[in-house]
1. For region 94-177, compute the orientation-averaged projected area of the C-alpha convex hull (one quarter of its surface), in nm².
2. FRET efficiency for residue 341 and residue 18, Cβ-Cβ distance as r, R0 = 35 Å, nearest 0.05?
3. If we count every other residue with Cβ under 12 angstrom of residue 292's Cβ, Lys/Arg +1 and Asp/Glu -1, where does the sum land?
4. In debye, nearest 20: dipole of region 65-286 around its Cα centre with unit charges on the Cβ of K, R (+) and D, E (-)?
5. Measure off 7 Å from each Cα along the Cα-to-Cβ vector at residue 366 and residue 463, then give the distance between these two points in nanometres to one decimal.
6. Roll a 1.4 Å probe over the protein heavy atoms and report the accessible area of residue 82 in Å², nearest 10.
7. What is the spin-label model distance, in nm, from residue 402 to residue 88 if the labels are put 7 Å beyond Cα along the C-beta direction?
8. Which value in nm describes the separation of the simple spin-label points at residue 200 and residue 130, placed 7 Å from the Cα toward the beta carbon?
Amino acid sequence: LGLLYQEYRDKSTRQEIETRRLQDSQTDPEESSPSEETPSEAEPASTPESRAPPQISLLRNSNSRFNLWQDLPEIRSSGVLSILQPDEIKLQEAMFELVTSEASYYKSLNLLVSHFMENERLKKILHPSEAHILFSNVLDVMAVSERFLLDLEQRVEENIVISDVCDIVYQHTVSHFAVYITYVSNQTYQERAYKQLLQDKPAFRELISQLELDPKCKGLSFSSFLILPFQRITRLKLLVQNILKKVEEKSDREANALDAHKELETVVKACNEGVRKMSRTEQMISIQKKLEFKIKSVPIISHSRWLLKQGELQQMNGPKTSRTLRTKKLFREIYLFLFNDLLVICRQIPGDKYQVFDSAPRGLLRVEELEDQGQSLANVFILRLLENADDREASYMLKASSQSEMKRWMISLAPNRRTKFVSFTSRLVDCPQIQCVHPYIAQEPDELSLELADVLNILDKTDDGWIFGERLHDQERGWFPSSIGEEILNPKIRAQNLKECIRVHKSDDSQRRKLGSRTRQ
């Protein structure tokens, strides 16, 4: 049997990492391997029990394992490799990966439906409403994947040299991919329902464990199948980016790739917003219930407001002349809730409540780091409210628990200030870069979840192991542990990465102007 999509995706991204490591160790990027960013193994479309996936003739032999388009017997025997330029061969590989990975993805979706969703014992255990929340519109998603794969198959079979795939991606994204937004927006409900079912229904828990042990699942969890659509729509955008980097400039294929990428980006953003919307609303309601206002009350809940960061800091007591004192009462605890448009300053009171004693619009905040003045004043910064709740300017001297916590607060409070490696108003500069070699799931609102092979500009870093970075493929910003990545040392590779990033987003002039200066909101 060929690879399930989870396996395929993992092998492909790890190959991407190894290719970039090889490039980084060389002096000339052009010396890189011709297998740059290609999948480790192409996916034979095999036939699960209840549904027959579309058959792609080049992938039909389930006993064959191909690394590359150029390794296919049909390509080898045609003599076309001696005619095509190396750049065109790389482009063929990039388009071939999009097709083969869709076949792998369809196979995994089919297994989710045939092995889990349509299991007769599971149907008896789950109430129809529970099954609906758990599986959502996965049948619609699978039907869209099948139609998409059939059109890709037809294109591949037209000629052994693939003419283009991005025109097909564009058509399907515009016409059919809205089903992904519906599925992904249900993710929060889905995760909650799954956890509740595992807890409340032993029969469900036991059956899922049994089904996961089936050799068909290859040791993969049920939850890894449920998250497939979100992973795929995100990965599809990256595969189109990879094609875009390789097509000839000012060509029809470049125009098709730009159009496809723009539409995919719209879908991915809608998916992300769908996921965030419900969790943000619930979080705001929870915070509102905990706040008691000592000052004039500020309405917290708003459809356009969300939490960026919260936590405890130490506020220095007394006038500035007392900064030289070294007493235990030099600082007292305060608690900050920072929203995308508002800062609320509180003190924690009994009953898991917070008494609000000051606030200010986020746009009227300024921060200033203090020079090192000894251990008791380490990690201290000044927070200025240009206009606080009393319509006057106010200053707070605040102490964080660590250097990374101090920098994270400073960047969240005043996102447009200059960082260690790059000014937020500058454009293409040779700041450090890092590639992700271990996936990371954000634990706090100001952190960034990372996938294998993500490449980021390093905007700032701390001595205690944290990096503030900007991901190149979507300019999202956030903090992550330095241990999850490897720095890219070759300046030519860094320049090449930035050049490719500019090209990917050149269809949107505003994005080009903002490259290197967008703030993760």
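The values are calculated or read from the model by the stated rules, or taken from the named source; none is laboratory data. Please read all numbers here as calculations on a predicted model, not as lab measurements. Note that we place each Cβ from the backbone using ideal geometry, even for glycine, and neighbour counts take in every protein chain shown. Keep in mind that these areas ignore ligands, DNA and RNA; they rest on the heavy atoms of the full protein, side chains included. Shrake-Rupley method; radii C 1.70, N 1.55, O 1.52, S 1.80 Å.
1. 6.2
2. 0.20
3. With Lys, Arg at +1 and Asp, Glu at -1, the neighbours total +4.
4. Charge dipole, region 65-286, about its Cα centre: 1020 debye, nearest 20.
5. Here the modelled spin labels are 2.8 nm apart.
6. Near enough 100 Å² of accessible area.
7. 5.4
8. Using points 7 Å along Cα→Cβ, the separation is 0.7 nm.
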